[in-house]
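Comments concern the structure below.
Rule-based calculations on the coordinates, nothing more; no lab input. Predicted model only: the values in this text are computed from it and were never measured. Glycine also receives a Cβ, built like all others from the backbone with ideal geometry; neighbour counts cover every protein chain displayed.
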Amino acid sequence: MIVSITTNREEGGLASSLVSYSKALKMIDENHLILIPETAPIIKNLEILDNVEIIRAGKTSIVFHIVTRFYLSKRLKDALSECDLILVHNARFMKHFKRFKHKLAYVNHSGKLRGTVHEAFNVFITSAGLKKFLEVYPNHKSKNKVICHGFDFAESSSPLPPKLSHSLKVV
């Protein structure tokens, strides 16, 4: 299971990445637990995905649980301990997850470098964001990847492209 944690209540890039990542995870039979503000408009799009479990809470409550290391939420504390990967979508919360550094990733949606220097994994939405990071921190030892969220999820019976009935000739 993958756990995503966000306090974002806006529509746009971060919200659409939660949907794209959830659909991509479904393709590999992976479940996605998302801790999200109860007023986030993207919830309606996430609810229809059968591999997604949504935990709704007020933004203040989410911040409280993060800062207190989920001490008062056994369900979330257990989920974080048992999951394969934790995706944190806000850099300022990274310091509260240090005990999970072996399975922690910061998803950088903005390309800003604030909060990218840590021992966890950095996920950049664009190669330009990764390039900028490597220019500023060329010797940093963090693992960094680019995982775009503009996937095409056209309905198909197979995730593989169809076989062509003719051969391709290159001239």
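Couplings for the stretch 33-38, taken from phi via the Karplus curve 6.51 cos²θ - 1.76 cosθ + 1.60 with θ = phi - 60°, read 9, 10, 8, 9, x, 5 Hz in order; Gly and Pro are left as x.
Spin-label model, R75/K131: points 7 Å from Cα along the beta carbon direction are separated by 4.4 nm. Residues in the stretch 76-93 carry Karplus couplings, in order, of 6, 4, 5, 4, 5, 5, 8, 6, 8, 8, 10, 9, 9, 9, 9, 4, 5, 8 Hz; the curve used is 6.51 cos²θ - 1.76 cosθ + 1.60 with θ = phi - 60°, and Gly or Pro positions show x.
Proximity of backbone amide H atoms, modeled 1.01 Å from N, is registered between S4 and L33, I34, L35, L87 at under 5 Å, excluding neighbours fewer than 5 places apart on the same chain.
Would you please give the FRET efficiency between K103 and N45, computed as 1/(1 + (r/R0)^6) with r the Cβ-Cβ distance and R0 = 22 Å, to the nearest 0.05? Rounded to the nearest 0.05, the efficiency is 0.25. Were the residues from V67 through D29 laid out at 0.36 nm apart, the gain over their Cα-Cα distance would be 10.6 nm. Computed from the alpha carbon positions, the gyration tensor of the stretch 1-57 leads to an equivalent ellipsoid with semi-axes of 17, 11, 9 Å, biggest first.
Placing one equal scatterer on every Cα of the stretch 2-146 and applying the Debye formula, the log10 ratio I(q)/I(0) at q = 0.10, 0.16 Å⁻¹ is -0.32, -0.85. Computed from phi, the 3J(HN,Hα) profile of the stretch 132-139 under the Karplus parametrisation 6.51, -1.76, 1.60 (θ = phi - 60°) reads 4, 4, 5, 5, 7, 10, x, 9 Hz, with x in place of Gly and Pro.
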